[in-house]
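In what follows, a single structure is set out as structure tokens and then discussed.
The values are calculated or read from the model by the stated rules, or taken from the named source; none is laboratory data. A quick note: this is a predicted structure, and the numbers were derived from the prediction, not measured. Reconstructed Cβ throughout: ideal geometry from the backbone, glycine too, with neighbour counts over all protein chains shown.
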Amino acid sequence: METNSRETLQAAFDAFDISENLGFLLEEPLTTLPDYYRVWLDLANNLTHLIESRKLRDQVHKAGSSSTGVHHSWDMYGRKDNMHPLRSSQKPWLSPIGREMEIGNLDMIFSFPGGESCRGFFIVSLLVDMAASSGITGTLEMKETFKLMHNHVDPAEFHGTLRMFFSGWRDNPMLPRGLLYEGVSNEPILLSGISAAQSSTIQCFDALLRIQHEDETQAFLTRMRDYMLPAHRQLIQTLYVCPSLRDFILSHSSSDLCQAYNSCVSALVDLRNYHLNSVTKYIIVPGNRVRAIGCPLRGVGPALNNTGTGGSNIMGFLKSVRDTTRKTLILEVPI
């Protein structure tokens, strides 16, 4: 019986492309792509230099005139995986350089301007997701890992330099019509930027705990699944159609089950509160400070100070998901 259960569990891991040890992180992430994508990889390997020297646009035009074309390669990469080409939730630009998955043993494959703050942001984000590999009980560890952000990411550097590269071209006041991919489409394409809402981990917890978000918020979360691996998206959808864990607990009138459930919900509320505080530190406060001294905002511009890189109203969205999570608590615990 134990062998059969283990085989069933492994089959589920394989079907949904998840790891028992790393959760939604890829156990063997690619560090390169086939030669067909060489033009794209050459640009990515020199991205920081090209941006800082203001040569990126010229190099993209040169690449676009090649037989493959950088835009075409990027577009086909996304279509092959049945997902949008921005793969923020998988962070394919991180690679282990040692046995242990910790901040000192991880490095960037590709990078953006922002130096150590860039490296710290991506690596801490990856470690936060990895902390949840044990399941919902990992939420407490996710918050502790999240705290590493304050040691490795400078608020001014994040807001003024790094954040602009996370912004997409959907719900972006600076690019209201989207972005034209020459050689791919005759019309501008609308794609969202990097967002914590693209985390398969958090959306799975919401599905498992049956957290019902408000219509507009839920619509945004559902749209963000388009940026996840298809297998991870399928897992979230499967959890939502399974019998409700919350209803099961309520129907059994067990105080122990209710308390365990409430502990999980409370830990997720705590994590979302911490995320709110971090957004205030890294986005709202730096933006207000620069505006107060009369300097033009570097990077994202004033229009994006209250807008998430995924396109949401950042504080309103985060407060909404926090509040609906809190409402899921079972207030009358059976005795």
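At pLDDT 90 or above, of a type outside the set (Lys, Arg) and at negative phi, is that true of His49?
Working: at pLDDT 90 or above: yes; of a type outside the set (Lys, Arg): yes; at negative phi: yes.
In short, yes.
Collect the residues in region 197-218 that are of a type outside the set (Val, Ile, Thr), in a helix (DSSP H, G or I) and more than 14 Å from the chain's Cα centre (by Cα), keeping them in residue-number order.
Phe205, Asp206, Ala207, Leu208, Leu209, Asp215, Glu216, Gln218
Please work out which one of (1) over 24 Å from the mean Cα position of the chain (by Cα); (2) surrounded by 19 or more Cβ atoms within 10 Å (Cβ to Cβ) is the condition Ile194 fails and give its number.
Unmet condition: (1).
Just one of the numbered conditions (1) among the aliphatic types (A, V, I, L, M); (2) over 24 Å from Ala267 (Cβ atoms); (3) surrounded by 14 or more Cβ atoms within 10 Å (Cβ to Cβ) is not true of Val241; which one?
In the conditions (1) among the aliphatic types (A, V, I, L, M); (2) over 24 Å from Ala267 (Cβ atoms); (3) surrounded by 14 or more Cβ atoms within 10 Å (Cβ to Cβ), Val241 misses (3) alone.
Out of the helices (runs of 4 or more DSSP H) lying entirely within region 105-188, which hold 2 or more residues that are of a type in the set (A, V, I, L, M), closer than 26 Å to Pro29 by Cβ and under 15 Å from the mean Cα position of the chain (by Cα)?
The helices (runs of 4 or more DSSP H) meeting that bar are 115-131.
Whether any residue in region 201-216 is touching a strand residue (DSSP E or B) at 6+ places or on another chain (Cβ under 7 Å) and either within 16 Å of Val279 (Cβ to Cβ) or not acidic (Asp, Glu) (or both) is what I want to check. Show your work before the answer.
If we filter region 201-216 for residues that are touching a strand residue (DSSP E or B) at 6+ places or on another chain (Cβ under 7 Å), which is where we start, we get 201.
Then drop every residue that is not either within 16 Å of Val279 (Cβ to Cβ) or not acidic (Asp, Glu) (or both), which leaves 201.
Looking through region 201-216, at least one residue is touching a strand residue (DSSP E or B) at 6+ places or on another chain (Cβ under 7 Å) and either within 16 Å of Val279 (Cβ to Cβ) or not acidic (Asp, Glu) (or both).
Quick one: Gln234 ticks every box in (1) at pLDDT 95 or above; (2) under 22 Å from Phe166 (Cα atoms) bar one, so which box is it?
(2)
To keep it simple, each residue is scored yes or no on (1) more than 21 Å from Met228 (Cβ to Cβ); (2) modelled with pLDDT under 80.
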| residue | (1), (2) |
| --- | --- |
| Glu2 | yes, yes |
| Gln10 | yes, no |
| Leu22 | no, no |
| Glu27 | no, no |
| Leu30 | no, yes |
| Leu33 | no, no |
| Leu43 | yes, no |
| Asp81 | no, yes |
| Arg99 | yes, yes |
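Please tell me if Val39 is among the hydrophobic types (A, V, I, L, M, F, W, C), farther than 18 Å from Cys118 by Cβ and modelled with pLDDT of 85 or more. Lay out the reasoning, then the answer.
Values: among the hydrophobic types (A, V, I, L, M, F, W, C): yes; farther than 18 Å from Cys118 by Cβ: yes; modelled with pLDDT of 85 or more: yes.
Taking the combined requirement at face value, the residue satisfies it.
Check Ser278, Ser263 and return the single one that is touching a Phe, Trp or Tyr at 6+ places or on another chain (Cβ under 8 Å), in a helix (DSSP H, G or I) and among the polar types (S, T, N, Q).
Among Ser278, Ser263, only Ser278 is touching a Phe, Trp or Tyr at 6+ places or on another chain (Cβ under 8 Å), in a helix (DSSP H, G or I) and among the polar types (S, T, N, Q).
Out of all the residues in region 3-38, which are outside any loop (DSSP other than H, G, I, E, B) and either closer than 16 Å to Ile109 by Cα or in contact (Cβ under 8 Å) with a residue 60 or more places away in the chain (or both)?
Within region 3-38, Ala15, Ser19, Gly23, Tyr37, Arg38 meet the criteria.
So which residues in region 242-262 are touching a residue at least 60 places away in the same chain (Cβ under 8 Å) and charged (D, E, K, R), if there are any at all? If you could, list the steps in order and put the result at the bottom.
The first filter runs over region 242-262 and keeps only residues touching a residue at least 60 places away in the same chain (Cβ under 8 Å), leaving 246, 249-250, 253-255, 258-259, 261-262.
Result: Arg246, single match.
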